[in-house]
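Every number here is computed from the coordinates shown, using simple stated rules; none is lab data. What you see is a predicted model; the values in this text were computed from it and never measured. Here Cβ is always computed from backbone atoms with ideal geometry, including for glycine, and neighbour counts include all displayed protein chains.
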Amino acid sequence: MSVHAAWLPAESFVALGSRRVLVHGDGVDAVLDEVTRACARHGGRVRRSPCGDADVDLVLALRQAVPLPVPAAQAARQAAGEPPGDEGFVLTRSGDVTVLLADTPTGLLYGLFHLVRLGAAAFAADRPTRRHRPALRRRMLDHWDNVSVHPVMGQVERGYAGGSIFWRDGAARHDLARIREYGRLLAAVGINAISVNNVNVGPVEARLLTDRLDDVAEIADVLRPYGIRVHLSVTFAAPVVLGGLSSADPRDEQVRAWWATTTRQVYERIGDFGGYVVKADSEGQPGPFSYGRSHADGANLLAEALAPHGGVVHWRAFVYNHHQDWRDRSTDRARAAYDHFVPLDGDLRTNVVLQVKHGPVDFQPREPVSPVLAAMPATRLAMELQVTQEYTGQQRHVCYLGPWWSELLGFRPWQTPERTVADVVTELVAVANVGDDPFWCGHPLAQANLYAFGRLAWDPRLDPTAVLDEWIDLTFPPGSTGDSGRVRATLHAIMDDSWRTYERYTAPLGVGFMVDPLRHHYGPNVDGYEYSRWGTYHFADRDGVGVDRTRATGTGYAGQYPPGWAQVYESLADCPDELLLFFHHVPYDHVLHSGSTVIQHIYDTHFTGVAQVETMRERWRQLAGLLDQALFERVAERLDEQVRSATEWRDQINTYFFRKSGVPDAHGRPIH
Ligand code: GCW
């Protein structure tokens, strides 16, 4: 089967491809290529200027390429004001011509994909002038792809979409056509950076930095026209592993010289290389602690090597003790990133980006926002999201994450209206969810998560339901379905609330985990991590459940927030229901704001969650015959699994808590 077109099917280019289009400026090959293909397919005509500008419907022009075609020159005068900038564009009308102006080829390409999203509306006579530019400067995907197949984690760590599009069995795949298609999809949602290998860097992967650099350069060459810069995950021990030095101590002159030389060589090969991504002193990866140095020493070492070339180091804040003793109630994994990094605020070079997971633990479907994001004003921060659905159904469950990310981005750490998380971070990074699966993501509907990530990174204030609507319209355009109105309504009914549905049938009230360690975090295992070394406990006993993270009687984690939230989370009365068990250990008969007790809430949400998944499946089945058959079947098959898995979650969680508490369900439903 050929690779699915995702949100760029040929039909989505009808409005553009049926017009007379003039492209103006140099270095705009990617734009020209899109327009040429669209026009060839839909009967339009493309011209390269200068060629006279009579009889055009659309001009796509670089502003500085003077003389501009007449409609573009007029439009430029009309739309004078703030320049679009490196990645922005202006869309306007000049007489009966639609004009797109940008300062760079990438800006023009982003504008072109905006036109595709607008469809016929881009050519409406009364279209107002609008300027567009991304809110965040870097919008990045981290691939956790291994070059060699890892004996436990496979080709892609936490990958649920087949193999890697870059690597297979220890070598580069050289499937440049596929990488190019990927570049188009990413550019269409505004993603401008990717790292091409796992943050857990094995011996083969380490060599991408040196003797395997050509493989990275090849990917960079293919993605460059799409405005995407390539980054590399490197091992902190590289000077030892690759350079033959006896140490990787950041204060050692030889180590610094090794990084400087190696980095210079990278830039000689890839002039616009983005920089390094580093997971250090985390889950077994080497780091500065081995040499008694701080993470500022470690990050600055790499930043110093990258600085002369304009590169950045993404230094991950995911540092915690993964050999914890469950008997020790004073250590709290949630505290770790703050405890390690906040004291370093101001000590990191300006080309260090501290990459902070959105929550304090590990990409759970519900966690509070990491307090690190509000505590490092002198540091460049990126928030890290997980598009790959490690803890949200592994692309076997429908779980549209747009609403969750939108909540996180809109969180107000100081409770003042002005500053949200989106205003504090300079970047958004996410763990990618694609593989060599024909539908890119295993679950065709998981494409919406990748789409939404890009769109929200471009503009965090977008309404996630509207973003989903965009995705539906592009992916299932009228010509491709039997009844696009019905398809759209059904997809909204299935997906809009699917993240909350997932939350309902999994771990309750923000307590997290309860996933099965043996099945790679898939499916329930309530005590699977309870006596482990990983620091993710729920402490359920016969009287109650939850983690006391208050200052008064618990681990003190609640005190890591600015005063307003610190108080809210500290207080049993004020703590939001959805995070109650993240912050408090409470008895089963504790009454929530919703009016329900904790135990009854657990039963109710688990019964409701499964019923909702059954309804999703039913709704999907009603689309039979209206969609591409292979896509229809793939989703149908995954919904069967979602029903099975959600039922398993419901029964295990309900039974577990019934056995612990002895409290029956108020409605007498079956609990095993
Ligand atoms: O969520 C955990 C995953 C690991 C991952 C780690 C991380 C790449 O289970 O597979 O390792 O997070 O973010 O580094």
**OP:** Subtract the Cα-Cα distance of Q567 and D55 from 0.36 nm times their separation in residues, and report this length gain in nm to one decimal.
**Re:** 177.8 nm
Original post:
Expressed as a fraction of 2.2 N^0.38 Å, the rule-of-thumb size for a compact globular protein of N residues, what is the C-alpha radius of gyration of segment 296-430?
Top reply: 1.12
Original post:
Of all the C-alpha pairs in segment 340-399, what % are more than 13 Å from each other?
Top reply: 63 percent
**OP:** Return the long-range amide H neighbours of R229 (sequence gap of 5 or more, or a different chain), with a cut-off of under 5 Å between placed amide H atoms.
**Re:** A193, I194
Original post:
Net charge near P288, counting Lys/Arg +1 and Asp/Glu -1 over other residues with Cβ under 15 Å of its Cβ?
Top reply: 0
Original post:
P(r) of segment 285-331 in 5 Å steps, Cα pairs, percent per bin?
Top reply: 5, 17, 22, 18, 14, 11, 6, 4, 3, 1
**OP:** Would you mind computing the Rg to Rh ratio of segment 1-138 from its alpha-carbon coordinates, Kirkwood style for Rh?
**Re:** 0.95
**OP:** Just the number, please: Stokes-Einstein D of the chain in µm²/s, Kirkwood Rh from C-alpha pairs, 4 °C, 1.567 mPa s.
**Re:** 49 µm²/s
Original post:
Mind checking the dipole of the chain: about its Cα centre, +1 per Lys or Arg Cβ, -1 per Asp or Glu Cβ, Debye to the nearest 20?
Top reply: 1020 debye
Original post:
What ³J(HN,Hα) values, in whole Hz, does the Karplus curve 6.51 cos²θ - 1.76 cosθ + 1.60 give for segment 358-372 when θ = phi - 60°, with x put for Gly and Pro?
Top reply: 4, x, x, 9, 5, 6, 6, x, 8, 8, x, 5, 4, x, 4
**OP:** Report, to two decimal places, the Cα Rg of segment 397-442 normalised by 2.2 N^0.38 Å (N = number of residues).
**Re:** 1.57
**OP:** Could you tally the net charge around G402, taking each other residue with its Cβ under 13 Å from the Cβ of G402, Lys/Arg +1 and Asp/Glu -1?
**Re:** -4
**OP:** Search the structure for amide H atoms under 5 Å from the amide H of V149, placed 1.01 Å from N in the peptide plane, and list their residues when 5 or more places away or on another chain.
**Re:** D169, G170
Original post:
Using all Cα-Cα distances in segment 102-204, what percent lands in each 10 angstrom bin from 0 up to the longest?
Top reply: 13, 35, 25, 17, 8, 2
Subject >> Paired Rg and Dmax values of segment 420-515, which use every Cα atom, in angstrom >> reply: 15.5, 45
Subject >> Globularity index of segment 553-672, i.e. its alpha-carbon radius of gyration over 2.2 N^0.38 Å >> reply: 1.42
Original post:
Counting each DSSP H run of 4 or more residues in the chain as -39500 (n - 2.57), what helix-only mean residue ellipticity at 222 nm follows after dividing by all residues, to the nearest 500 deg cm²/dmol?
Top reply: -10500 deg cm²/dmol
Original post:
By how many nm would the segment from D26 to A636 grow when fully extended, if each residue of separation counts as 0.36 nm and the alpha-carbon distance is taken off?
Top reply: 214.9 nm
Original post:
Listed highest first by mean packing, meaning other Cβ atoms within 10 Å per residue, what order do 124-136, 290-302 come in?
Top reply: 290-302, 124-136
**OP:** In whole angstrom, note down how far apart the Cα centers of segment 622-672 and segment 172-197 are.
**Re:** 35 Å
Original post:
What Kirkwood radius, in Å to one decimal, follows from the Cα pairs of segment 339-495?
Top reply: 16.8 Å
**OP:** Just check segment 199-297 against the gyration tensor rule for me: Cα atoms, a ≥ b ≥ c as the square roots of the eigenvalues, rounded for a/c under 1.5, and otherwise prolate or oblate depending on whether a/b exceeds b/c.
**Re:** prolate
Original post:
How long are the three semi-axes of the equivalent ellipsoid of segment 211-355, in whole Å, if each is the root of 5 times an eigenvalue of the C-alpha gyration tensor, listed from largest down?
Top reply: 29, 17, 14
**OP:** Please give the peptides 321-330, 232-241 ranked by average Cβ packing (other Cβ atoms within 10 Å per residue), highest first, as a rough proxy for protection.
**Re:** 232-241, 321-330
Original post:
Can you pull the semi-axes for segment 463-596, root of five times each eigenvalue of the Cα gyration tensor, sorted largest first, whole Å?
Top reply: 37, 20, 14
**OP:** Quote the convex hull volume per residue of segment 23-94, based on C-alpha atoms, as a whole number of Å³.
**Re:** 97 Å³
**OP:** Using only alpha carbons, build the gyration tensor for segment 147-254 and give me the equivalent ellipsoid semi-axes, biggest first, whole Å.
**Re:** 27, 17, 12
